[in-house]
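Structure first, then comments.
Just so it is clear, none of the values below were taken in a lab; they were calculated from the coordinates. These numbers come from a predicted model, not from an experiment. For neighbour counting, all protein chains shown are included, and Cβ atoms are generated from backbone atoms with ideal geometry for every residue, glycine included.
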Amino acid sequence: MNFGQFLKSLEDPEAIYLLVTDQDYLKDRVLEACVERVSEAARTFDWDLFDLATDNPADVVARLRMLPWMTPRRWSYLKNAEAGGAVLEDYLKDPAPRTVLVLESKRRVKGWPKLPMIEMEAGSSAVSWVQQRFRKEGFSLGPGAAEMLVELVGNDFLRLNSEVEKQILWRWESKKVTVDSVLGVVAEARERDAFELIDAIAKRQRDTALRILNRLHEGGMAPQQVIAFLYWSFRRLLVAQERLERREKFFDIVKSLKIWSFKNQERQIRSYRRPFLINTILRIRDADRLSKTTSIDPKKFLERVIIDTCRE
């Protein structure tokens, strides 16, 4: 069942639900839905949040079998349920009739009975989920906007939801999200690091470039996202150079390409050699292709781009 079906089922709930997902977004929504079934005054007595990474399975099961005090049902949410062992397995075969239990597990466990399973909506690729999320709020999407958001943020639905909410606030009046609005909100915070990384590569400062790459990675930016962002940034720099050669005004170029981190760097952009920009773009494109067709960590391909470019 998807989340919507899960919510409807809570009017006459099953004794046990199973949640196996790596999406924190879905975990948070299911947990919140369970908490809301118990009034705030009754939560001390009839609501429990367990974690078998720290809690004893026997103590957990004993609590699950207690009768509710203030509400018709006891509601419980159990994290790391796969660690429950035989004690939890026995409970699942004979659950307490007035307790509703959600099992959050890293995997399905052999020996457990067949349980109602909560899943993301069928066909919920990150892109389709973003599209549905905006449409639900009454927003329209320009061509490529959802794809760009996923490319920059990744497949983490919790982070995607946060970025969708930012777009909704920013574009409330127009009710339309475009590639430009996505770049304006998501990319601006990362442009400074991108600029520093590009500058370090251009100056052949290999160690500095690798440190910045690690900083981006540690800040939650996946290697595939860094590849996409660098490819996009280097292409904009190449276009900026071409437009400067046509004697266009630098501020107009910065504004139209949205390269705000370079707004005071006209001399710097002019200094980048055309072969350097083109070769780096080609290397990043190759890194993107290889990262999608091999099982090697994409970060390794990015590091090789930096090392090879700085070596020349």
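Could you compute the net charge surrounding residue 138? Neighbours are other residues with a C-beta less than 13 Å from the C-beta of residue 138; K and R count +1, D and E count -1. Could the numbers behind the result be given before it?
Values: positive: 133, 135, 136, 171, 175, 176; negative: 137, 173.
Net local charge, residue 138 excluded: +4.
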Could you give me the radius of gyration and the Dmax of region 242-312, taking only the C-alpha atoms into account and expressing both in angstrom? 15.4, 46
Quick one: net charge around residue 223, please, counting Lys, Arg +1 and Asp, Glu -1 for every other residue with C-beta under 9 Å from its C-beta. +1
So, for the Cα atoms of the chain, Rg and Dmax in Å stand at 25.3, 79
For residue 292, list the lysines whose Cα falls under 21 Å from its own Cα; do not include residues on the same chain fewer than 8 positions away. 300
What do the square roots of 5 times the Cα gyration tensor eigenvalues come to for region 126-177, in whole Å, largest first, as semi-axes of the equivalent ellipsoid? 16, 11, 10
Would you mind checking the tilt of helix 274-293 against the longest principal axis of the Cα atoms of the chain, expressed as 0 to 90 degrees and rounded to 10? 20 degrees
Can you compute the charge dipole magnitude of region 183-311 about its Cα centre, using +1 on each Lys and Arg Cβ and -1 on each Asp and Glu Cβ, nothing else charged? Give it in debye, rounded to the nearest 20. 360 debye
Point-charge dipole on Cβ atoms (K/R +1, D/E -1) for region 48-172, about Cα centre, debye to 20: 360 debye
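If neighbour count is taken as other Cβ atoms inside 10 Å, put 162, 295 in order from fewest to most.
295, 162
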Assuming 0.692 mPa s and 37 °C, estimate D for region 83-167 with Stokes-Einstein, Rh taken as the Kirkwood radius over Cα pairs, in µm²/s. 206 µm²/s
Computed on Cα atoms only, the convex hull of region 183-311 has an orientation-averaged projected area in nm² of 7.5 nm²
Of 295, 305, 282, which is farthest on the positive side of the dipole of region 183-311, counting Cα position, with +1 on Lys and Arg Cβ, -1 on Asp and Glu Cβ, and the Cα centre as origin? 282
In degrees from 0 to 90, rounded to the nearest 10, what is the angle of the helix 157-170 Cα long axis to the longest principal axis of the chain? 60 degrees
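Suppose every Lys and Arg Cβ carries +1 and every Asp and Glu Cβ carries -1, with no other charges. What dipole size does the chain come out with about its Cα centre, to the nearest 20 debye?
Numbers: 53 positive and 47 negative charges, 305 e Å.
Dipole magnitude for the chain comes out near 1460 debye.
Got a sec? How would 248, 147, 11 order by Cβ neighbour count within 10 Å, fewest to most? Can you show the working numbers first?
Numbers: 248 13, 147 16, 11 7.
Ascending Cβ contact count within 10 Å gives the list 11, 248, 147.
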Charge-dipole axis of the chain as Lys and Arg at +1 and Asp and Glu at -1 on Cβ define it, positive-most pick from 181, 15, 222: 181
quick shape note, region 20-129: Cα extents on principal axes in Å, largest first -> 44, 34, 24
Which one, 145, 168, 126, is farthest towards the positive end of the dipole of region 126-177 when Lys and Arg carry +1 and Asp and Glu -1 on their Cβ? 168
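Excluding residue 49 itself, what net charge comes from residues whose Cβ is under 14 Å from its Cβ, given Lys and Arg +1 and Asp and Glu -1? All intermediate terms of the calculation are to be shown ahead of the outcome.
On the way: positive: 27, 37, 43, 63, 74, 79; negative: 28, 32, 36, 46, 48, 51, 55, 59, 104.
Residues near residue 49 contribute -3 overall.
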